[in-house]
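Novice: The structure's right below; bear with me while I get my questions together.
Nothing in this text is a laboratory measurement; each read-out follows from the coordinates by a stated rule. Since the structure is predicted, the reported quantities are computational estimates derived from the model, not experimental observations.
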Amino acid sequence: MLPRLKNDHKHIAILLKILKNKYKRLADGEYISFSLIRDIVEYMQGYAEHSHHPLEDIVYEYCLTKVSAEDKSKRLFAEHDRLIEASASLMSTLSLILNDVVVAREQVVQDLQDYVVLQEAHMLFEEAEIFPLLASTMDEEDWQKITTICEEKLVEDPLFSNDDNQLFEELKQHIAKDEER
């Protein structure tokens, strides 16, 4: 389960790199694809917020039965809530733009930058503090129990899996082009 969570972070980092590139280009006055940005945020809402973060929460709550780490747990759960709010806010802005409502470019740049910074800081916290705690605390039996508990939350990644799912097709093509460079 921990390798899956780490792998999700690698995938999310790819998307955050794309968003960072987009807000920098937008800040420079260049045209960007807002539908591509919407697809990234939609992926984050659909997969990260409804599968990845709940899995982290379950694993971490299980870990807390073995160790005491109250301060970290409060922070972890609060950050997951803040990320949900940030995604919803950004999606609202993107919906306005995609429906031809004028939104100040500077505001969009700032919103995208804030979103990326929040996501990156959250992943850094998990990778520096949460994942090492899980690795040092949990044994094979614990991971088996967690896998059983998480089975109903385990969702195939709609973007980075090898199935023929057409969801996020434009985003998949964009990522493939970036990897070729």
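Novice: Which ³J(HN,Hα) values, rounded to whole Hz and listed in residue order, are derived for segment 37-44 from phi using the Karplus coefficients 6.51, -1.76 and 1.60 in 6.51 cos²θ - 1.76 cosθ + 1.60 with θ = phi - 60°, glycine and proline given as x?
Specialist: With coefficients 6.51, -1.76 and 1.60, one gets 5, 4, 4, 5, 5, 4, 4, 4 Hz.
Novice: Another question about this same structure. Check cross-link reach from K20 to the lysines: straight Cα distance under 20 Å, and skip same-chain residues fewer than eight apart.
Specialist: By straight Cα distance, K20 reaches K10, K172, K177.
Novice: I would also like to ask the following. Find how much the distance from T148 to E61 grows on full extension, using 0.36 nm per residue of separation minus their present alpha carbon separation; answer in nm with one decimal.
Specialist: Taking 0.36 nm per residue and subtracting the Cα distance, the gain is 29.9 nm.
Novice: Can I ask one more? At 222 nm, what helix-only mean residue ellipticity would the chain give, in deg cm²/dmol to the nearest 500, using -39500 (n - 2.57) for each DSSP H run of four or more? All intermediate terms of the calculation are to be shown ahead of the outcome.
Specialist: Numbers: 8 runs with 128 residues, N = 181.
Estimated from H runs of four or more residues: -23500 deg cm²/dmol.
Novice: Cα gyration tensor of segment 2-180, axes a ≥ b ≥ c as square roots of the eigenvalues: rounded (a/c below 1.5), prolate (a/b > b/c) or oblate?
Specialist: Prolate, because a/c is 1.5 or more and a/b exceeds b/c.
Novice: Rounding to the nearest 10 and keeping the result within 0 to 90°, find how far the Cα-based axis of helix 105-125 lies from the longest principal axis of the chain.
Specialist: Roughly 20 degrees, rounded to the nearest 10.
Novice: On a 0 to 90 degree scale, rounded to 10, what angle separates helix 53-64 from the longest Cα axis of the chain?
Specialist: Helix 53-64 and the main axis of the chain meet at about 30 degrees.
Novice: A follow-up question, please. Relative contact order for the chain: what is it in percent, counting Cα pairs under 8 Å that are at least 6 residues apart? Write out the running numbers ahead of the final one.
Specialist: Details: 106 pairs, mean separation 68.7, N = 181.
Taking the mean separation of contacting Cα pairs over the length of the chain, I get 38 percent.
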